[in-house]
Amino acid sequence: MIAQQLKNLEGLLSTKVTSDTGSNLEAYAKETMDPSLSWKDIEWLRSITNLTSFDQGAIKAVEVGVAGIIVSNHGARQLDYTPATISALEEVVHAVKQRDPILMDGGVRRGTDVFKALALGAQAVLIGRPVIHGLAAKGEYGVRRVIEMLRMSLT
């Protein structure tokens, strides 16, 4: 596989850093995040829709009535030394006490990772990065192949 040369948002958003304001990418991220969001917004959302809501923040999420928990460290991109998702999973399972389904997101690269997550109490795993890699390499066939390889390594 030959990786494409990335243009780092060329023509879309400048990533040039200035000493007083940081980068335009940082400013964009700050502008797109609403600091007023709270758990009350989850309660409100549940009051106006029948959509199933999954959330991160296990105990509080269960209290406000979400349908499930996603255990994730967001690919550990935001903070150095973030624990692996698999390391946090068992603690979340114990905190939630089987009241809601728990999905694990992050670090799944082979069937044994799926097996470990299920053994620790997850009901399912999310496999974003392997799917993206399969898609980039071989399109739809690549995605199907990634899923097939994970499934085959479980049997």
Across region 109-122, what is the number of residues that are open to solvent by 80 Å² or more (accessible area, probe 1.4 Å) and in contact (Cβ under 8 Å) with a residue 40 or more places away in the chain? 1
What's the total number of residues in region 39-50 that are at pLDDT below 80 and hydroxyl-bearing (Ser, Thr, Tyr)? 1
Checking ALA61 against (1) over 21 Å from ARG46 (Cβ atoms); (2) in contact with a Gly (Cβ under 9 Å, 6 or more places away or on another chain); (3) open to solvent by less than 50 Å² (accessible area, probe 1.4 Å); (4) outside any loop (DSSP other than H, G, I, E, B), only one condition comes out false. Which one? (1)
Among (1) modelled with pLDDT under 85; (2) at positive phi, the one test that GLY107 misses: (1)
Per-region count, region 138-155, residues open to solvent by less than 60 Å² (accessible area, probe 1.4 Å) and either under 12 Å from VAL108 (Cα atoms) or in contact with a Lys or Arg (Cβ under 9 Å, 6 or more places away or on another chain) (or both): 2
Scanning region 124-137 for residues that are under 26 Å from GLY68 (Cα atoms) and loosely packed, with under 15 Cβ neighbours inside 10 Å gives GLY128, ILE132
Can you tell me how many residues in region 94-108 are open to solvent by less than 70 Å² (accessible area, probe 1.4 Å) and assigned to a loop (DSSP other than H, G, I, E, B)? 5
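The values are calculated or read from the model by the stated rules, or taken from the named source; none is laboratory data. These figures come from a predicted structure and were not determined experimentally. So basically every Cβ, Gly included, is an ideal-geometry build from the backbone, and we count neighbours across all protein chains shown. Just so you know, the surface numbers come from the protein's heavy atoms only, side chains and all, with ligands and any DNA or RNA stripped out. Shrake-Rupley method; radii C 1.70, N 1.55, O 1.52, S 1.80 Å.
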